[in-house]
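Chemist: Got a structure here, written out as structure tokens. Questions coming.
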Amino acid sequence: MTKNPNPDAADSSRKKKSTDMRLIVPLQGIVHGRGGLVLGSFIPCALFYFLQFYLKRHRSPPKPSSPSTSSTNLPELARSSSRSNLSTRGSIGRASVSARANLIAGPSDSPYYIGLERVSRDSYDELKNPEGIIQLGLAENRLSLDLIEKWLSENLNDTIGGGGLNISGIATYQPSDGLLDLKVAMAGFMSKVMGGTVPFNPSNIVLTSGATPALEILSFCLADHGNAFLVPTPYYPGFDRDMRWRTGVDLIPVHCRSSDNFALSITALDQAFNQARKRGQKVRGILISNPSNPVGNLLTRETLYSLLDFAREKNIHIISDEIFAGSTYGDDEFVSMAEIIDSDDLDKNRVHVIYGLSKDLSLPGFRVGVIYSLNQSVMDASRRLTRFSSISVPTQKLLISMLSDTRFIHEYIEINRERLKKTYDLFVAGLKELGIECTKSSGGFYCWVDMSGLIRPYNEKGELELWDKLLNIAKINVTPGSSCHCIEPGWFRCCFTTLEDRDIAIVVERIRKVVESCKAVA
């Protein structure tokens, strides 16, 4: 047997193990030999369970939990602490939107839109709000709404009951660029209001939800981001929004003068085109409105031919906004650009006409616009883009019946023109009593009013100060010429088709107060 070479070390080891065991089982030495391991194991367990019982009896009662909002039968689950950490973990600020959205969502500094917003909050009503703001800033025709209301009351039930609005025809998908029957009816209506000189082809018509989408679609089809259109001034303030917001194109004002009744000048167009080319900007077309908005004059046949020659020379397009074509009341002849390209073997691919029913048929709420073009590429692209701006099918079905009623359409056009002429004459005569003159107007819902004699100083600041007085003192909303890019201060667009005859006298008296205050200061 091998002997331990170090008996002292072995003895030390045995003493250490004994001490360790006494530390692990402290009561084992007490009960050793008196029940052995049984009592040595039972007593610690008993003490453990006694401690648990004591803690349970003396524990604080839990706080009552709020009843669950999702179910009264399920116990409330403890909220995870990780959810509370989400509010601070990795937080870097508000969720942002695109720069484009921020630009559009920001407050407008244009008096045109400021005035419209003010009227929406404090609109004049003869009985309910006689001290409210009278709307002369919106080109909306209320003179002939009674004719539309009468037709609807007499024909709406027949249109629905006669199968015009059957469920299978209105609840299913239809062509986004418009129903063929409405294109046919629209072609006939456009030819009627434009004097019957243009046989519009339905296959060259694309229908959109208003003239605004029609303008934007054409802008998208004809120009790339950063390209430009030449626009004779003064022009409708909405063009800056309708043409530019989403397409990224620019509009270059081509200034016209009061000495020529703000008539379009080919010389001015040529200068603007050359200046843009020197800046490195590509001009893709010309945008005109005929009748002019806001002046109300009509482009002559000779001017249209010269305009087409200019476009062909520069290899650019022409967009002709003719949405007021049926709302003429003067002695001047209206000539559509569609008639010019139809009467001769000219370059038809560069001319595009915009139309709609918001003005000539007093239906802005129906949202119906038209693109008329002989350019097949423009037609193909426009049809696809109407996916984002199609007209509701029930609206189209109703309009098919209305536009196909040739007797009603004939009577409406004649009566509406008579009312436009009468109201225009009354309004112009009322302003003349105050010493305020207007340019000669032959179409549209507005007068182009010269108030330059009332502004001090004679600049844009003086014009805007007068606009502010008209809005806040006279409670009249008009559109200042600077919003229309007019280079001459003191001109204002006043829309008269929102007024009844008795309202004109109220408008004249309100303006009189501002005129007298301006003369007193001078």
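The values are calculated or read from the model by the stated rules, or taken from the named source; none is laboratory data. Note that the coordinates shown come from a computational prediction; the quantities given were computed from them, not determined experimentally. So basically every Cβ, Gly included, is an ideal-geometry build from the backbone, and we count neighbours across all protein chains shown. Only protein heavy atoms, including side chains, enter the accessible area calculation; ligands, DNA and RNA are left aside. Shrake-Rupley method; radii C 1.70, N 1.55, O 1.52, S 1.80 Å.
Chemist: Do you know which residues across region 429-453 are among the basic types (Lys, Arg) and either buried (at least 21 other Cβ atoms within 10 Å of the Cβ) or part of a loop (DSSP other than H, G, I, E, B) (or both)?
Modeler: Scanning region 429-453 gives a single hit, Lys440.
Chemist: When region 319-340 is examined, which residues are found to be open to solvent by less than 10 Å² (accessible area, probe 1.4 Å) and either charged (D, E, K, R) or farther than 23 Å from Val368 by Cβ (or both)?
Modeler: Glu322, Val335, Ile340
Chemist: Oh, and also: Scan region 488-496 and tell me whether some residue there is part of a loop (DSSP other than H, G, I, E, B) and of a type in the set (Phe, Trp, Tyr).
Modeler: Yes; the residues of region 488-496 include at least one that is part of a loop (DSSP other than H, G, I, E, B) and of a type in the set (Phe, Trp, Tyr).
Chemist: Among the residues of region 268-282, are any open to solvent by less than 20 Å² (accessible area, probe 1.4 Å), touching a Gly at 6+ places or on another chain (Cβ under 9 Å), in a loop (DSSP other than H, G, I, E, B) and under 22 Å from Leu218 (Cβ atoms)?
Modeler: Taking every residue of region 268-282 in turn, none turns out to be open to solvent by less than 20 Å² (accessible area, probe 1.4 Å), touching a Gly at 6+ places or on another chain (Cβ under 9 Å), in a loop (DSSP other than H, G, I, E, B) and under 22 Å from Leu218 (Cβ atoms).
Chemist: Another question, if that's okay. Taking interchain pairs and intrachain pairs at least six residues apart, which have beta carbon atoms under 8 angstrom, with the first residue in region 410-437 and more than 30 Å from Gly453 (Cβ to Cβ) and the second surrounded by 15 or more Cβ atoms within 10 Å (Cβ to Cβ) and acidic (Asp, Glu)?
Modeler: Taking only residues 6 or more apart or on different chains, the pairs are Ile413/Asp360; Asn416/Asp360.
Chemist: Let me ask you something else. Residue under question is Val514, and the condition is that it be touching a residue at least 12 places away in the same chain (Cβ under 8 Å), β-branched (Val, Ile, Thr) and surrounded by 17 or more Cβ atoms within 10 Å (Cβ to Cβ); does it hold?
Modeler: Against the criterion (touching a residue at least 12 places away in the same chain (Cβ under 8 Å), β-branched (Val, Ile, Thr) and surrounded by 17 or more Cβ atoms within 10 Å (Cβ to Cβ)), Val514 qualifies.
Chemist: Tally the residues that are open to solvent by 10 Å² or more (accessible area, probe 1.4 Å) and in a loop (DSSP other than H, G, I, E, B), restricting the search to region 367-388.
Modeler: Result for region 367-388: 3.
Chemist: Looking at Ala139 and the list (1) farther than 30 Å from Thr247 by Cα; (2) touching a Cys at 6+ places or on another chain (Cβ under 6 Å), which single condition is not satisfied?
Modeler: (1)
Chemist: Quick one: in region 191-211, of everything that is over 14 Å from Ser382 (Cβ atoms) and of a type in the set (Val, Ile, Thr), which residue is most open to solvent (accessible area, probe 1.4 Å)?
Modeler: In this case the residue turns out to be Thr197.
Chemist: Determine, yes or no, whether Gly106 is modelled with pLDDT of 95 or more and either open to solvent by less than 40 Å² (accessible area, probe 1.4 Å) or under 30 Å from Leu471 (Cβ atoms) (or both).
Modeler: no
Chemist: Got a sec? Which of Asp345, Asp321, Asp309 is under 22 Å from Ile217 (Cα atoms) and either out of contact with any helix residue (DSSP H, G or I) (no Cβ under 8 Å at 6 or more places or on another chain) or not polar (S, T, N, Q) (or both)?
Modeler: So the residue among Asp345, Asp321, Asp309 that is under 22 Å from Ile217 (Cα atoms) and either out of contact with any helix residue (DSSP H, G or I) (no Cβ under 8 Å at 6 or more places or on another chain) or not polar (S, T, N, Q) (or both) is Asp321.
Chemist: Test of understanding: among Leu466, Leu426, which residue is open to solvent by 10 Å² or more (accessible area, probe 1.4 Å), more than 30 Å from Met186 (Cα to Cα) and not in a strand (DSSP E or B)?
Modeler: Exactly one residue qualifies, and that residue is Leu426.
Chemist: Go through the residues of region 491-500 one by one and say whether even a single one is open to solvent by 10 Å² or more (accessible area, probe 1.4 Å) and among the aliphatic types (A, V, I, L, M).
Modeler: Within region 491-500, none of the residues are open to solvent by 10 Å² or more (accessible area, probe 1.4 Å) and among the aliphatic types (A, V, I, L, M).
Chemist: Next question. If the requirement is being in a helix (DSSP H, G or I), open to solvent by 10 Å² or more (accessible area, probe 1.4 Å) and within 22 Å of Gln174 (Cα to Cα), which of these qualifies: Ile415, Ile400, Ile391?
Modeler: The unique qualifying residue is Ile400.
Chemist: Taking region 223-262 as the region of interest, how many residues are open to solvent by less than 10 Å² (accessible area, probe 1.4 Å) and under 14 Å from Ser320 (Cα atoms)?
Modeler: The total comes to 6.
Chemist: Please work out which one of (1) touching a Gly at 6+ places or on another chain (Cβ under 6 Å); (2) open to solvent by 30 Å² or more (accessible area, probe 1.4 Å); (3) modelled with pLDDT of 95 or more is the condition Arg456 fails and give its number.
Modeler: (3)
Chemist: Further, regarding this structure: Within region 476-489, take every residue that is in contact with an Asp or Glu (Cβ under 7 Å, 6 or more places away or on another chain) and under 29 Å from Asp360 (Cα atoms) and give me the one that is surrounded by the fewest Cβ atoms within 10 Å (Cβ to Cβ).
Modeler: Ranking the candidates gives Ser482 first.
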